[in-house]
Structure formats: structure tokens, C-alpha cells
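Heads up: the structure comes next, in C-alpha cells.
The values are calculated or read from the model by the stated rules, or taken from the named source; none is laboratory data. Please read all numbers here as calculations on a predicted model, not as lab measurements. As a convention, Cβ positions derive from the backbone with ideal geometry for all residues, glycine included, and neighbour counts pool all protein chains shown. Accessible surface areas use protein heavy atoms only, side chains included; no ligands, DNA or RNA. Shrake-Rupley method; radii C 1.70, N 1.55, O 1.52, S 1.80 Å.
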Amino acid sequence: MIVRRLARPMLAAIFIYGGIGALRQPKGRIEAARPVVKAMSDKLGTPNDPALMVRADGVAMLTGGTLLALGRAPRLASALLAGVLAPTTATHDFWAESDPEAKAAKQRSFLTNVSLLGGLILAAVDTEGKPGLTYRAKMATDSVERGARGLRRSARREAKLAAAQAKNALS
């Protein structure tokens, strides 16, 4: 559909741009990422290396954004980008800011990220009008169950016929 062909690259553009920026100029992002990386490393056991995490974030954004823009594995790419965006959003801690201008800028960035996250969630669950994996799995299960019921009926019928033939043979 033309809407998806247009909307996916539009949604992906900010991630491709951000990924390139994180890889080319990570220094400005390292300090902003330091508290988030520290919290993640304490809770998840990830490396406490903000420079490494900023670069990894850049690679993930560039990869996910490119895949989404090209329409290759768009659901997976959207889920990846949503996962990358969540910790990035936490760096815009406007609630901890006392300067009104800085607070407004951080709040704007936070809300932009929340809006992007909403778009990514929609893209991640978009099945393009095709049945989703859950539906297809249920249909496959139902088909197997119907086949098994049919086999049981057929086996009972054949057993009755065999018993009747054996009874007739003995008489």
C-alpha cells in the first residue's frame, strides 16, 4: 500500500539521522547517556560504558531505521527502534530540571520521543492486512485438532467394521 511505502521512510528518517550522528559524533551524547547507562548496568547487568552504549544505540538506530525505511522486516525493525527509543527517552528528564527554558526543551524532546514510540508501536503490530502470527498459529492448531478428530472417527469406524467382519468370519 502506498501509505506504508511513504510513512515508513518518514518514520525511519529521524532514526537514520540519529544513528549516523551517534556514530560520527558520540561525545555530546555520552554525558547525557551516563546516568541511564549506569541505571541499566545496575539492573540488567549490561556494560557500564556510556561510549560503547551510545555507539551500540547508533548502530541499532541506523540498522532499524534503514530496515524500516526499505520495508524489510518492518515489524521487527519497529520493535527494535521502540526498544532503543525507551532508554533514550529517559535522558530527557525534564522533571529534574529547574531552568524553565531547559525544562521546556527537555519536555518537548520527551514528548516527541513518546509520540515516535506510539508510531513505532503501531508499525510493529501492523500486519499489512494479513493475519497475524497469533491468528495463523490458532488456525493451524484448529486444523490439526480437526484432522485428529477425523482420524479418531475413522479409526473407530474401521475398528467397528473389523470387529463386525471378525464376528461374521467366526459365525
Checking the structure you have, find out if any residue of the range 143-166 is acidic (Asp, Glu) and in contact (Cβ under 8 Å) with a residue 60 or more places away in the chain.
no
Filter the range 114-143 for residues that are part of a loop (DSSP other than H, G, I, E, B) and at pLDDT below 85; the one that is least open to solvent (accessible area, probe 1.4 Å) is Gly132
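When you check Arg5 against the structure, is it of a type in the set (D, E, K, R), assigned to a helix (DSSP H, G or I) and either under 23 Å from Gly119 (Cβ atoms) or open to solvent by less than 50 Å² (accessible area, probe 1.4 Å) (or both), yes or no?
Details: of a type in the set (D, E, K, R): yes; assigned to a helix (DSSP H, G or I): yes; either under 23 Å from Gly119 (Cβ atoms) or open to solvent by less than 50 Å² (accessible area, probe 1.4 Å) (or both): yes.
Judged against the criteria, Arg5 is a match.
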Count - residues of the range 47-83 that are buried (at least 18 other Cβ atoms within 10 Å of the Cβ), under 16 Å from Met10 (Cα atoms) and either among the small types (Gly, Ala, Ser) or out of contact with any Lys or Arg (no Cβ under 9 Å at 6 or more places or on another chain) (or both)
10
When residues of the range 84-113 are limited to those that are open to solvent by less than 60 Å² (accessible area, probe 1.4 Å) and not in a helix (DSSP H, G or I), the one modelled with the highest pLDDT
Glu97
When only residues in the range 24-41 that are under 19 Å from Leu62 (Cα atoms) and either in a helix (DSSP H, G or I) or among the charged types (D, E, K, R) (or both) count, which is modelled with the highest pLDDT?
Arg24
